[in-house]
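To start, the structure under review is shown below, and the notes come after it.
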Amino acid sequence: MKDFKYYAPTHVVFGKNTENQVGELVKKHNGKKVLLHYGGQSAIKSGLLDRVENSLKQSGIEYVKLGGVVPNPRVSLVRKGIEICKNENIDFLLAVGGGSVIDSCKAISSGRFFEGDVWELYLKKAKATKYLPIGCILTIPAAGSEMSDGSVITNEDGGFKKDYCVDEFRCKFAIMNPELTYTLPAWQTACGATDIMMHTMERYFSKDDDMEITDSIAEAVLRTVKEQVQIVLKNPTDYNSRAQIMWSGSLAHNDLTGCGTSGDWATHNLEHELSGMFDVSHGAGLAAVWGSWARYTRSENMARFARFAVNVMGVKQDFKSLEQTAEAGIVAMENFYHSIGMPTSIHELIGREITEKEILEMADKCSNYGQQTIGCLKVLSREDMAAIYRLAK
Ligand code: NZQ
Ligand code: ZN
């Protein structure tokens, strides 16, 4: 097992009606004036935003509202949020929504005291030294941003999607009420489950030796989400299944499933170019390229792909051929994606053939114009990236 650090400082408050505790939690974390950040319509329609405002008022917390975060959150709204924070003396950020709203809050947090433009941080040209604290009320289990150190922002000027990761981005508290996810459309539920599984798989498919404790936790998360998502797609108000998916989403991305492993993250890097260019849902983009990535890289650790096939996908071990077992596991995963409505090719994802020019542009951006590689299981060059996009066509 490799040396590792594990830091998961987020105070999780999980269960029914927990959103009503938000005012007290903000107070506990010394918030006096809050930027209440949210997305499009879902939190308004469900009445969640009203409940949050009531709780803040009851606790004597002042707040300013900023809605309108879209999936693949834009840097332009982040800049607006930073201005509001400066003008209104905001001292706490509250995200009500999914990964996009939480990531937008994180970006505002980093830009609030930074002298330059916030996008410089995402280009890794500078590092912020002071941050605003963040709390969240999660409404979709998917990105894992409620406990992660990452934020992913899209710059609409050029279609760039970049991440910035620092421990200061870890939420002070995360309120998780599975009932809030009953209103999720089937598509978003499936995209979320795919993302949760991928956060686990990115850590699981490494070149390192087996680490039974970490591998077993990862496999349990994967099996759980795979089973429970099929239940909620049939019955969206199944509390127990929604709860298991929600908690899995946090465990999948608070680093627990990666303790002692290197982590790969190539599929995520390849996907970020897809959602940066075509504005598709992150989870669906992951499903569209994963099979091609797996076939391109599996020879680096065939035994691990075979273990995944047997322990997660329930494939029967072919004792004569590790490769056959590995391939059967990839096929089973693709069949599962299709069964929950996810695409397994770029064609299915964007509804048309991708052009060679688009493939080369994505490979250029993903490799920072040939200056960086991605992946750990197999280190991928710009040419490898283009080859995987072509395989996934
Ligand atoms: O805007 P509203 O109306 O709220 O609609 C949202 C949005 O359209 C809807 N939704 C959310 N909760 C709902 C609901 N609809 C009905 N009922 C509810 N309870 O769902 C849609 C998607 O929301 P979004 O926040 O975009 O989803 P998700 O949590 O999947 O976040 C995706 C973003 O997170 C990034 C992705 O790249 C993408 O930009 N990621 C962030 C990570 C991190 N910070 O650690 C890691 C991930 O790998 C990922 O890259
Ligand atoms: Zn993800």
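The values are calculated or read from the model by the stated rules, or taken from the named source; none is laboratory data. Model, not experiment: these values are computed from the prediction. Don't worry about glycine lacking a Cβ; one is built from the backbone with ideal geometry, like all the others, and counts go over all protein chains shown. Heads up: the accessible areas ignore ligands, DNA and RNA and are worked out on the full protein's heavy atoms, side chains in. Shrake-Rupley method; radii C 1.70, N 1.55, O 1.52, S 1.80 Å.
A quick yes/no check of all residues on (1) in contact with a strand residue (DSSP E or B) (Cβ under 7 Å, 6 or more places away or on another chain); (2) within 16 Å of ligand 2 (Cβ to nearest atom); (3) acidic (Asp, Glu):
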| site | (1), (2), (3) |
| --- | --- |
| Val280 | no, yes, no |
| Gly285 | no, yes, no |
| Ala303 | no, no, no |
| Lys316 | no, no, no |
| Glu323 | no, no, yes |
| Glu327 | no, no, yes |
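Restricting attention to region 72-97, the residues that are buried (at least 19 other Cβ atoms within 10 Å of the Cβ), out of contact with any Gly (no Cβ under 7 Å at 6 or more places or on another chain) and either without any contact (Cβ under 8 Å) to a residue 60 or more places away in the chain or not in a helix (DSSP H, G or I) (or both) add up to 9. Can we say Ala309 is open to solvent by less than 20 Å² (accessible area, probe 1.4 Å), farther than 19 Å from Ile374 by Cβ and within 16 Å of ligand 2 (Cβ to nearest atom)? No; evaluated as a whole, the condition is false for this residue.
Set side by side, the residues Ser262, Ser281 differ, and just one is at pLDDT below 95 and in contact with a Cys (Cβ under 6 Å, 6 or more places away or on another chain), which is Ser262.
Taking Leu25, is it open to solvent by less than 90 Å² (accessible area, probe 1.4 Å), assigned to a helix (DSSP H, G or I) and either within 26 Å of Cys165 (Cα to Cα) or aromatic (Phe, Trp, Tyr) (or both)? In short, yes.
Annotation: of all residues in region 188-240 being open to solvent by less than 10 Å² (accessible area, probe 1.4 Å) and hydroxyl-bearing (Ser, Thr, Tyr), the one that is farthest from Leu380 (Cα to Cα) is Thr214.
Among residues of region 180-196 that are away from ligand 2 (no atom under 16 Å from the Cβ), those with a beta-carbon under 8 Å from a residue that is in a helix (DSSP H, G or I) and of a type in the set (Ser, Thr, Tyr) at least six positions away or on a different chain give the pairs Thr181/Thr189; Thr183/Ser42. Within region 141-159, residues that are farther than 17 Å from Asn269 by Cα and more than 12 Å from ligand 1 (Cβ to nearest atom) sit with their Cβ atoms under 8 Å from residues that are modelled with pLDDT of 95 or more and assigned to a strand (DSSP E or B), at 6+ positions apart or across chains, in these pairs: Glu156/Arg74.
What about Leu121, is it among the aliphatic types (A, V, I, L, M), at pLDDT 95 or above and in a loop (DSSP other than H, G, I, E, B)? Considered against the rule, which asks whether it is among the aliphatic types (A, V, I, L, M), at pLDDT 95 or above and in a loop (DSSP other than H, G, I, E, B), Leu121 comes out as no.
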